[in-house]
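A short write-up of the structure that comes next.
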Amino acid sequence: MTKTNDAVTVVIPVHNAADRLDRVTSWRLALEKLNRTHELLVVDDGSTDGTADRLASKEPRARVLRHDARRGFGACLRTALAEAKHPLFFYTALDYPYSPHDLRPFFERIELRDEVLGKQPDLISGCRTGLPTPLLPKVVSLAWRGFWRVFAGMPMQPPAPWHGWAEFWYGARASWVFGVPLNDVNSCFKLYRTAFLRRFPIQSDGDFVHVELVAKATFLTSIMDEQPLTAKPDPVPPLGDTAADRRRLFRHPDFCFPPVAPQAEPPVADAPGSPEPAPQPAT
């Protein structure tokens, strides 16, 4: 295995987050300690509390991109991706206390290259931990894993972290319908390769973008990994409405950009004073 030291674009979408801008400072300080070339993009998604102006004065090193109205998390990622300058693309959020120091092992994992196959991971995703698991999910998980151990000889994997019933059913549907293999697909702690994200259009405007990107990575046979994050007792924040994006992705998933139609070249005008073409003799 060989390693590289690719630069990273760090993206933080925000909406009415004027009282949480200290977390942006925490991210900047953590990035500076990594000794890695980086840029920090903060996408202000139509805030009405002066978030962008306060951020510009508080964190002048961060580049602020603005939406005139609230468009959603997926739209923020599209805006940031169009401006990203570096080979790696990491995004996070301020509505959950993610730990910036968890990012270091993500770089170590995504930079590994198989010297035989020459492939690297396209995605490293963080899995939130720390919430206690209720008794019923514990029993069901143990029975399910025990079944596959007895009848298929599969090893007993550790149980998936618990994120609440809403996240459980949401993740189950994402797995059954879209083939998402992650335990915490909605985690806003993901490190991608920028070139991979630019292979296809991001169709989701809202929070369904997390499922969309992982589902497309699965379909395109990308290498991915899921790493546990620092355990936190905080509840997982609720998602926004995902119904419209989910229907759009299910009916018309786009895995490539539409081809650009060639433009016809205008005819070249004759220069002034050029001789007229000689008449052709009659046959």
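The values are calculated or read from the model by the stated rules, or taken from the named source; none is laboratory data. Please read all numbers here as calculations on a predicted model, not as lab measurements. Cβ sites come from the backbone with ideal geometry, for glycine too, and all protein chains shown count toward neighbours.
What the table below lists for this structure:
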item: Those residues of segment 11-31 which are of a type in the set (Asp, Glu) and either under 20 Å from Asp102 (Cα atoms) or assigned to a loop (DSSP other than H, G, I, E, B) (or both), in sequence order; result: Asp22
item: Qualifying residue in segment 65-78 (condition: at pLDDT below 95, touching a helix residue (DSSP H, G or I) at 6+ places or on another chain (Cβ under 6 Å) and under 12 Å from Cys188 (Cα atoms)); result: no
item: Per-region count, segment 207-245, residues in a helix (DSSP H, G or I) and farther than 25 Å from Arg193 by Cβ; result: 2
item: Selection from segment 126-138 of residues that are among the aliphatic types (A, V, I, L, M), over 23 Å from Val214 (Cβ atoms) and surrounded by 11 or more Cβ atoms within 10 Å (Cβ to Cβ); result: none
item: Unmet requirement for Pro132, which otherwise passes all of (1) outside any loop (DSSP other than H, G, I, E, B); (2) of a type outside the set (Val, Ile, Thr); (3) within 30 Å of the chain's Cα centre (by Cα); result: (1)
item: Condition broken by Pro253, with the remaining ones in (1) over 26 Å from Leu112 (Cα atoms); (2) modelled with pLDDT of 65 or more; (3) exposed (fewer than 10 other Cβ atoms within 10 Å of the Cβ) satisfied; result: (3)
item: Some residue of segment 180-192 being in contact with a strand residue (DSSP E or B) (Cβ under 8 Å, 6 or more places away or on another chain), closer than 26 Å to Glu108 by Cβ and in a helix (DSSP H, G or I); result: no
item: His86, sole failed condition from (1) part of a strand (DSSP E or B); (2) closer than 15 Å to Leu191 by Cα; result: (1)
item: Qualifying residue in segment 32-49 (condition: surrounded by 22 or more Cβ atoms within 10 Å (Cβ to Cβ) and in a loop (DSSP other than H, G, I, E, B)); result: no
item: Residues within segment 149-200 that are surrounded by fewer than 17 Cβ atoms within 10 Å (Cβ to Cβ), touching a residue at least 12 places away in the same chain (Cβ under 8 Å) and over 21 Å from Tyr96 (Cβ atoms), tallied; result: 8
item: Pairs, first of a type in the set (Val, Ile, Thr) in segment 16-29, second surrounded by 15 or more Cβ atoms within 10 Å (Cβ to Cβ), C-beta under 7 Å, six or more apart; result: Val24/Ile12; Val24/Val42; Val24/Leu55; Val24/Glu59; Val24/Ala62; Thr25/Glu59
